[in-house]
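We did not get these values from a lab; they are worked out from the coordinates using the rules stated. None of the values given here were measured: they were computed from a predicted structure. We place every Cβ from the backbone using ideal geometry, glycine too, and count neighbours over all the protein chains shown.
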Amino acid sequence: MKRPAKLLQKSGMMQKMGLENLEVVVNSAGIFRCTTDWSLDADWAGRQVDYDLFYVWGGLGRMITSDGPVNLFPGQCIWMRPGRRYEATHDPNALLRVTAIHFQLKNKTRLLSASEFVPPVEVFEPVDPEYFQAAMAHIVDLRSRFGLHNIAALLLKSLLLEIAVCGAPRTSESALQRHHKLALNPVIAMIRDEPERRFTVGELAQKAGYSPDHFVRLFRALTEQSPKEFMIKSRMERALALLKESSHTVTQIADLLGYQDIGFFSRQFKEQLGISPDHFRQRGLLHNSSSDRCW
């Protein structure tokens, strides 16, 4: 994982040290595809009794916090805490996809109140979004599929320590860089939400408002992948989810993802993940456990 080059501020270091001496208690965790009518209203925040690590991995939305409005887009994370304002809606044409983990902090004798530990940062973008998303999903899996609640809590604690060190809001981003990111985020969300579609670079560039060549340069700068590579990766992520969470056959999954040739799908899956979809499905069945993921 990449680390920020700047030195840690003293306050952030103190928060990290405080976390090191605390235990994490995970109350619930899930991965959600929000419905069209989803929203967070003032009553939701009023009922909040624990911390909520809220990570957006798809879609677009907007949240009002105690400090003002926040745009929600893939890669955005909010460490919510009781007593703060959190009201949110999302774009009905780009429904939010989020991972949410509710937790509390505990010292050697008791659970702490929210006023006893203030998160070092509230709204931030992880330095390594892919790792962050995978770690949060793994925490969900450890609890729901394998019942390993203590290990899930330890992994969350390491993630919180990472946030304390590296999760400061990014202030070095220029207005132009932010403009490009906001223009590309809807395109990224569209690819993730509809991995079965075969978008052309021209279509994606037009949606973002750039020429094809300029779009490809900006897309690679933001994601470190070409649009084609990103589309393939998104299909493989959806294939993994379907293999784990559905009873569809490999042929049916290939069809759902727009592949006309099952052999080509299997080869591409193995090239990307190092294992065939059949072998991945067989390995997953050995666990013989259910998941509480909300798709």
May I ask you to evaluate 6.51 cos²θ - 1.76 cosθ + 1.60, the Karplus curve with θ = phi - 60°, for each residue of the stretch 119-128 and list the ³J(HN,Hα) values in order in whole Hz, giving x for glycine and proline? x, x, 8, 9, 10, 7, 10, x, 4, 10
Need the full-extension length gain, GLU196 to THR89, defined as separation in residues times 0.36 nm minus the C-alpha distance. One decimal, nm. 35.9 nm
Please list, by residue number, every one of the chymotrypsin sites (Phe, Trp or Tyr not before Pro) in the stretch 204-250 that is coil in DSSP and has at most 10 other beta-carbon atoms within 10 Å. none
When each of LYS157/LYS244; LYS157/LYS181; LYS244/LYS270 is checked by Cα-Cα distance, pairs over 19 Å: LYS157/LYS244; LYS157/LYS181
Hand me the trypsin sites (Lys or Arg not before Pro) from the stretch 183-281 located in a DSSP loop with no more than 16 other Cβ atoms within 10 Å, in residue order please. ARG197, ARG198
With point charges of +1 on the Cβ of Lys and Arg and -1 on the Cβ of Asp and Glu, referenced to the Cα centre of the chain, which listed residue (ALA239, ILE64, TRP79) lies farthest in the positive direction of the dipole? TRP79
In debye, nearest 20, what is the charge dipole magnitude of the chain about its Cα centre with +1 on Lys and Arg Cβ and -1 on Asp and Glu Cβ, if you could check? 580
Can you run phi through the Karplus equation (6.51, -1.76, 1.60; θ = phi - 60°) for the stretch 99-111 and list ³J(HN,Hα) in whole Hz, with x for Gly and Pro? 10, 10, 10, 8, 8, 10, 10, 9, 8, 5, 10, 7, 6
Size of electric dipole in the stretch 12-166: Cβ of Lys, Arg +1 and of Asp, Glu -1, about Cα centre, debye, nearest 20: 420
Restricting to bridges with both residues inside the chain, how much of the DSSP beta-bridge set is antiparallel, in percent to the nearest 5? 95
Nearest 500 deg cm²/dmol is fine: what mean residue ellipticity at 222 nm does the chain get from its DSSP H runs of n ≥ 4 alone, each adding -39,500 (n - 2.57), divided by its residue count? -14500 deg cm²/dmol
Averaging sequence separations of C-alpha pairs under 8 Å and six or more residues apart, then dividing by the length of the chain, give the relative contact order as a whole percent. 19
Quick test of the membrane-span-like rule: which DSSP H helices of the chain reach at least 24 Å along their long axis (C-alpha atoms) with mean Kyte hydropathy at least 1.0? 149-166
Through the Karplus equation 6.51 cos²θ - 1.76 cosθ + 1.60, θ set to phi - 60°, convert the phi angles of the stretch 84-90 into ³J(HN,Hα) values in whole Hz; use x for Gly and Pro. 9, 8, 9, 10, 9, 9, 9
For the stretch 211-268 versus the stretch 21-94, the gap between their alpha-carbon centres in whole angstrom: 28
Estimated FRET transfer efficiency when R0 is 51 angstrom, pair GLU116-THR251 (beta carbons, to 0.05): 0.40
The stretch 153-251: GluC sites (Glu not before Pro) in DSSP loop, at most 10 other beta carbons within 10 Å: GLU224
